[in-house]
Amino acid sequence: MVRINLPKKEVNTFYNAADTMPEEEYCSGLACYVSRNLKKEFWKKAMAQRPRTYCLGKCYSSPSSSSTHEKPIIEVRSRKSVIGRYLLKGELTLKDYISLGGFKALEYALTSLSKRNIIKEVEKSYLRGRGGGGFPTGKKWLLAYNQKETERYLIVNGDEGDPGAYVDRFIMEYSPFLPIEGALIAAHAIGAQKVYFYIRREYPRSVARVREAVKSMASFLKYKLPKIVVVVGKGSYVVGEETALINALMGRRPEPVFKPPYPTERGLYGKPTVVNNVETLSNIPYIISNGGKEYYELGFSKSRGTKLVSLNSLFKRPGIYEFEFGVPLKEIVSTGGGLKRGKVAGLLIGAPLSGVVRPEEFDTRLGYEELEEIGSSLGHGNIIAFNEESPPGEILREIVSFLSYESCGKCTPCRLGTKKLEGILSKGYILRDELEEVYDIAHTLVSSSLCGLGIGAGRVVLSFLSKYRRVIVHEG
Amino acid sequence: MKVKIDGVEYKFEKKISILNAARKVGIDIPTLCYDRRLSPNASCRLCLVKIKGKGIVTSCTTPIEDGMEVVTDDDEVRKAVRMNLRLLSSRYPKPALKKRFDQLLERYGLKEGGGAINREEIDDSHPFIYVDMNRCINCYNCVRVCEDIAGRLVWRITNRGAESRIIAEGGSLGRSSCISCRACVDVCPSGAIEDAMLVKYGTPERYYWSVCNMCSLACRVSVGVSRNKPVLIRPAGEKPLDAGGCLKGRYIWEDAFYSAERLHYPLIRKGGFLKKVDIKDAIGIASEKIREAVKEQGSEGFGLIVSGRLTLEEYYMLNILSREVIGSDNVWNSFTLCYQSILGEFMNSIGSIWPSIPYKEIGISDSIIVVGDVDSYHPALGDAIRELSLQGDARLLVVGTSPSTEGFMQNASDVYIKVEKERIGGLFNCINKRLVEEGYVDLDYLRGATENLGEYLGVINGEKSCENNAEKAVEMLGRGRNVSLIFEVEPWYESTKELIDTYILLNGRERRANIVPLFEECDLVDAFYILGGRSIDDLAQKAKERELKTLMIVGGNILRPAIRERLLSSLRDVDFIIEIVPTLDYFSRYYASLVFPGRTYLEKRGHYLSSDMTIRHAPSSLEGTEFQEFDLLKGILEALGYSVGSMEEVWNVVKEKIRKNVIAKNNSGKKYKFLF
């Protein structure tokens, strides 16, 4: 049995914002870096700020600070809207949500479907994790469902820390009932007695809205439902990794743990636990109401349904767009209306743990495997376009510096390898003499890191080197 | 399960980790954060291997699978391991200590270590543990062993990423709540946490063999000496079963040897205070008091409590004193004081309280049951069992009772059953019932080998509530062909009966069962073996009737929790108490009238008997320790007019006696008897 609640004083040192943060925070995230020339003074302040703040979820108006309050464009571009339609009218009240058909799916699931059949519908839909992992959600639920242990937990992962990503933020702010409804269906299906809703600290409005929603629902729903506990982060990117998140909830250092055993077998407090991303769960009400088959008809290949993508502020029309999987990247770029400054030099999709996409690869269609094939990945559907003002070497420097800063320090290659790379890349390019070492470290990161952060760090470096080697590597 | 490792196919019985599988067949995979006492952490990323079709994985966390092909060392693996080692060495000072990490650096031809030494990372505030975090490689072993095994949280991790550091609670180890168990020293692979003794006195100039008497295993150990002071205990062998490399063995001796309460001369109580007395006078007083007691009350006036682990030669001398010189049978030892009732159960059912096999033979078991906290009381054995399980030699069933044992054996077990102490008997009753019902029992054999099988089968019944657990256990035990039942017996145990029955039931023509009872509280079966002993009731009775005038206590540390109160109240009624003890303990301080300084095992010559009846020889000792308990007892015997020969002559007599005993035991041909 794992010991819970380790001494707070030391555990808190893990987080960059457990104690105090400046009143006004400026973001050092990648989306803010590529658009730094839009508001130079913001970027300057971000660079000077200690501790750093990474990603406030305002990448549509970056460079951003905690005191700007613009809103992104939100549009539905798919044949059917699964999630987007709940986001079009700004912040919904419980009444608004019900008038849009909210909680019908929950009621149906509770009264007319067996637990096994709920899971079957989700399996049929071929919904996959939207937090970047892409693991089939139904399969995950089934794994927990089949456990012998009856004490089980559901965790809603609202720790959306990827640069350029703000989809979860607006789901939580505009329509917090949607992921909650999904979570309650999930908890019911897997037999979880308690739901933990973990939200990162950089999203204060999301925290407030989800808390409000949990409270307002209490009197509305007449069924006996699991308790929902809202937990607020303290500033750490790696907490988004499910095993780290579980450690965080147990009051331990949020370090990832090797898998297997997977959380579905041994998770929170050593009990079967399902960790689902906010957007993943937001698909559930649609799937239950309309059937898994109807959901499966959206999308293509092994990527089914719709995906909300978020475009960064360099686009003329930055915001959240609901697309069906299979849409070519170039269509997404043109939906964004081109760039405010310069031309698209490349895209960072699923940053920071995935490779870069060059314009000649824009025919690629949006999908998990399709993006993997070009060395990128779907991530949160976060798309950052950059122009020629941001040289690939410097982008790589920003990414590696972020990953080194956010590395938990548990495993050797990630703790020391990313630090070493950060040092080499600090000049914004790599010298030919350093190249062999950079490759060695990157390969070691990929082959021997404990979790996705270290592996991703290695992959990013290799991807940039394979696509921009000539500009990144400088002769002596 | 067939697994190909580096091109050679091996067969394994159990799904164990690739790391343990490789180590079992003699392939050493480098590790820093792996320790068989801890569950894997998978953080150092050195135990990398390549699985065909799957790529590089950490071998400590990946179990073997049938048909798996593993490559432990190819270019890609080697490169990654080397890079990780290089990264680790970048901040490490010059390798010098020959610790595991230094050895790995050498093996991979890395000499970079040359990180600057920061004074602030050195903490010498703790009397036994020297901390130099400049050498720390963040394996977290200290943090984990402190949390999981010592049950404390002294070591903590602060910050994250490349900034993460290990610090002691409150920033200074000396002021922390450290209990000096030094498990962290034991698991540290890089010398960041080190024995202060080694730092203070330097590495040993020479080593000598001795026998650790901190538990009944009596392991051979090697004692490192610097400036004629013992500074280090090393295991005698590599393999756990003859190692003695456990924490208890490594460190508990210091508590006696270097105690501030160490006695250097005899003390006599005068007017309530203990005063120094010359050794010759003290021997005179002792013999006089023994004589007086016998004069007043006859042979019943004198008694002997034997405690501590003594050498066989010493037991022999005490036997002469009590039985031959005085003619008294008044001998108690802490085993019989604690376990008299349980002793009866063993004797009635299987006719012995000794393990049915030497400990080493546990190694050929295919199934092992462990009940109770073997890891705390007999850690070297616990370690051996763990390794047998982890390396796939045996399946392990752990019945855990106290919270402290969780995570100990449990991590290495195949089946773990958690049960309250009072319910152990019930559980084994269920197991016994099921073993019979499912046909795992060789009834024909048992009919001949036991006295009362029919009767037992008539009454055996298990509770419903433990059936789930029993099912898991029976499934494992039933398949076993050589099953060892190892259990810590507590003085207040009420479940030995059922456990003994399980042992008897598991015997058969196709299956061999072994029983290894361990006596956690009063671990002194050797004293019992040589001297016999009486119960606490008997002692209390004699003391109350004021029959007992003079009592001699040899050893010390007999105030076991189970008998503490009764013993103390009884001994108030004894006129004169003589104690031979290495350090001034509670007893000598408040009860004894005459105290002789004893020797710790590090200073003793002689032979020890381990509780599995293995004789171990401690040949040499430190300088300046020529006068030993043997000589003291010889002096007392001579003062009483009885002369004995040299230690060597005594040993020859003892040896002959033990030989005869063993033959008698083997020829007894007693039938087993079920208890219910």
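Coordinate-derived values only; no laboratory data. Note that this is a predicted model, so its numbers are computed, not measured. Neighbour counts are summed over all protein chains in view; Cβ atoms, including those assigned to glycine, are modelled from backbone coordinates with ideal geometry.
Ranking of B:VAL199, A:VAL333, B:VAL459 by neighbouring Cβ atoms within 10 Å, starting from the fewest: B:VAL459, B:VAL199, A:VAL333.
For the set A:LYS227/B:LYS433; A:LYS71/A:LYS124; B:LYS360/B:LYS655; B:LYS634/B:LYS660; A:LYS140/B:LYS421, the pairs lying more than 32 angstrom apart at their alpha carbons are A:LYS227/B:LYS433; A:LYS71/A:LYS124; A:LYS140/B:LYS421.
Each label was represented as a point 7 Å from its Cα along the Cα-to-Cβ direction; for A:ILE98 and B:LYS660 these points are 9.6 nm apart.
Going from the fewest other Cβ atoms within 10 Å to the most, the residues B:TRP332, B:TRP209 appear in the order B:TRP209, B:TRP332.
The HN-Hα couplings worked out from phi for region A:469-476 by the Karplus form 6.51 cos²θ - 1.76 cosθ + 1.60 (θ = phi - 60°) are 3, 4, 8, 7, 8, 9, 6, x Hz, whole numbers, x standing for Gly and Pro.
Using θ = phi - 60° in the Karplus curve 6.51 cos²θ - 1.76 cosθ + 1.60, the 3J(HN,Hα) couplings for region B:228-237 round to 6, 10, x, 10, 7, 10, 10, x, 7, x Hz; x is entered for Gly and Pro.
Toward the positive end of the charge dipole of chain A, with +1 on the Cβ of Lys and Arg and -1 on the Cβ of Asp and Glu, the farthest Cα among A:LEU435, A:LEU106, A:PRO413 is that of A:LEU106. The simple spin-label model puts a point 7 Å past each Cα toward its Cβ; for A:TYR439 and B:LYS544 those points are separated by 8.8 nm. Projecting the Cα atoms of B:VAL644, B:GLY284, B:ALA42 onto the charge dipole of chain B, computed from C-beta unit charges around the Cα centre, puts B:ALA42 farthest toward the positive end.
By counting other Cβ atoms within 10 Å of each Cβ, how are A:HIS474, B:HIS607 ranked from fewest to most?
Values: A:HIS474 14, B:HIS607 23.
Listed from fewest to most nearby Cβ atoms, that is A:HIS474, B:HIS607.
Given a cut-off of under 8 Å on Cα pairs at least six residues apart, what relative contact order in percent is computed for chain B?
Computed value for chain B: 15 percent relative contact order.
Could you sort out which of A:LYS39/A:LYS307; B:LYS14/B:LYS497; A:LYS271/B:LYS418 sit more than 22 Å apart by Cα distance in this structure? A:LYS39/A:LYS307; B:LYS14/B:LYS497, as the Cα separations exceed 22 Å there.
Taken one residue at a time, the phi angles of region B:474-485 give Karplus couplings (6.51, -1.76, 1.60, θ = phi - 60°) of 5, 4, 6, 5, x, 7, x, 10, 9, 10, 10, 10 Hz. Gly and Pro are set to x. If you take the square roots of the eigenvalues of the alpha-carbon gyration tensor of region B:272-335 and sort them as a ≥ b ≥ c, do you get rounded (a/c under 1.5), prolate (a/b over b/c) or oblate? It comes out oblate by the Cα gyration axes. Oblate is the label for region B:2-89, because a/c, from the alpha-carbon gyration tensor with a ≥ b ≥ c as root eigenvalues, is 1.5 or above and a/b does not exceed b/c.
A straight line joining the Cα centroids of region A:328-344 and region B:74-131 runs 51 Å.
Against the longest alpha carbon principal axis of chain B, how many degrees, from 0 to 90 and to the nearest 10, is the axis of helix B:379-390 turned? Between the helix axis and the principal axis of chain B, the angle is about 30 degrees. The label point for B:THR625 and the one for A:SER112, both projected 7 Å from the Cα toward the Cβ, are 8.4 nm apart. Under 5 Å between amide hydrogens, built in the peptide plane, is the criterion, and for A:SER376 it picks out A:GLY355 among residues at least 5 positions away or on other chains.
Qualifying trypsin sites (Lys or Arg not before Pro) in region A:47-112, where qualification requires a DSSP coil assignment and no more than 11 other C-beta atoms within 10 Å, comprise A:ARG79. Scanning residues 5 or more positions from A:ILE74 or on other chains, those with amide H under 5 Å from its amide H are A:ILE320, with H placed 1.01 Å from N in the peptide plane.
Compactness of region A:73-296 is given as radius of gyration and Dmax, 16.0, 46 Å, from Cα positions.
Distances between placed amide hydrogens fall under 5 Å for B:VAL221 paired with B:SER210, B:VAL211, B:CYS212, all partners being 5 or more residues away or on another chain.
May I ask you to list the trypsin sites (Lys or Arg not before Pro) in region B:1-96 that are in a DSSP loop and have at most 14 other Cβ atoms within 10 Å of their Cβ? Kindly include the intermediate steps, with their values, before the conclusion.
Details: sites: B:LYS2, B:LYS4, B:LYS11, B:LYS14, B:LYS15, B:ARG23, B:LYS24, B:ARG36, B:ARG37, B:ARG45, B:LYS50, B:LYS52, B:LYS54, B:ARG78, B:LYS79, B:ARG82, B:ARG86, B:ARG91; in loops: B:LYS14, B:LYS15, B:ARG36, B:ARG37, B:ARG45, B:LYS52, B:LYS54, B:ARG91.
Qualifying residues, ordered by number: B:LYS15, B:LYS52, B:LYS54.
Judged by the ratio a/c of the largest to the smallest principal axis of the C-alpha gyration tensor, chain B counts as oblate, that ratio being 1.5 or greater while a/b is no larger than b/c. Rounded to whole Å, give me the distance from the Cα center of region B:280-310 to that of region A:193-267. Value for the Cα centre distance between the two parts: 72 Å.
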